[in-house]
Amino acid sequence: MLRGFLSNWSPKVETTPGMRQSGALPYSVIDGRVVFLLITSRRTGRWIFPKGDIEPGMTPWESAAVEAMEEAGVSGQIAVDPIGSYRSSASVDGSSLVDVDLYPLRVETQLDVWKEMDQRLRHWAVLPEARRLLNDRALSRIAVLLQASLRSGS
């Protein structure tokens with residue numbers, strides 16, 4: 001019986017078709033050091049990067065830029081290619097999952113007042129601190145990829 005179960009079991013978790021979001025990975029380079037802008041999620045208070053549904057009529061990177069403005073109060077140059085993707089819970093109970101593509105956003109403007117400022121905290125962090133604060137290892141991995149990409153000039 002166990003053999004039959006295991007022969008049909010897959011460690012891959014499928015996402016519901018159409019369940020894809022986009023997010024921004026806001027960063028800046030200060031005195032030669034890459035710093036990342038983290039925000040807290042509204043639901044759990046964990047440190048994350050801005051993300052949300054892809055808006056109809058927008059590209060995924062345009063949607064990511066809108067999320068960064070609404071959730072973190074920042075804007076700048078958004079890349080058209082994602083630096084990486086991760087899987088996140090799309091529901092309070094964790095019963096549905098969504099894949100999120102993260103687009104690097106080089107921050108040029110940071111507002112003092114923005115749409116979700118009363119619902120979230122934001123914090124600039126160098127990579128070691130960002131890795132410590134980010135609860136999701138996939139987010140840390142993507143931040144490492146971005147820093148390496150920026151250092152190599154690609």
Tally, over the range 82-93, of residues that are modelled with pLDDT under 95, outside any strand (DSSP E or B) and open to solvent by 40 Å² or more (accessible area, probe 1.4 Å): 3
Could you tell me how many of the residues in the range 57-70 are open to solvent by less than 30 Å² (accessible area, probe 1.4 Å) and hydroxyl-bearing (Ser, Thr, Tyr)? 1
Screening 120, 106, 131 for residues that are more than 20 Å from residue 55 (Cα to Cα), open to solvent by 60 Å² or more (accessible area, probe 1.4 Å) and not in a strand (DSSP E or B) leaves only 131
Taking the range 23-37, which residues are buried (at least 24 other Cβ atoms within 10 Å of the Cβ) and farther than 9 Å from residue 124 by Cα? 23, 24, 25, 26
If only one of 45, 73, 52 is out of contact with any Leu (no Cβ under 7 Å at 6 or more places or on another chain), over 14 Å from residue 146 (Cα atoms) and open to solvent by less than 20 Å² (accessible area, probe 1.4 Å), which one is it? 52
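The values are calculated or read from the model by the stated rules, or taken from the named source; none is laboratory data. Just so it is clear, the model here is predicted, and its values are computed rather than measured. Glycine gets a Cβ as well: all are built from the backbone with ideal geometry, and neighbour counts include every protein chain shown. Areas reflect the complete protein model, heavy atoms only, side chains present, ligands, DNA and RNA absent. Shrake-Rupley method; radii C 1.70, N 1.55, O 1.52, S 1.80 Å.
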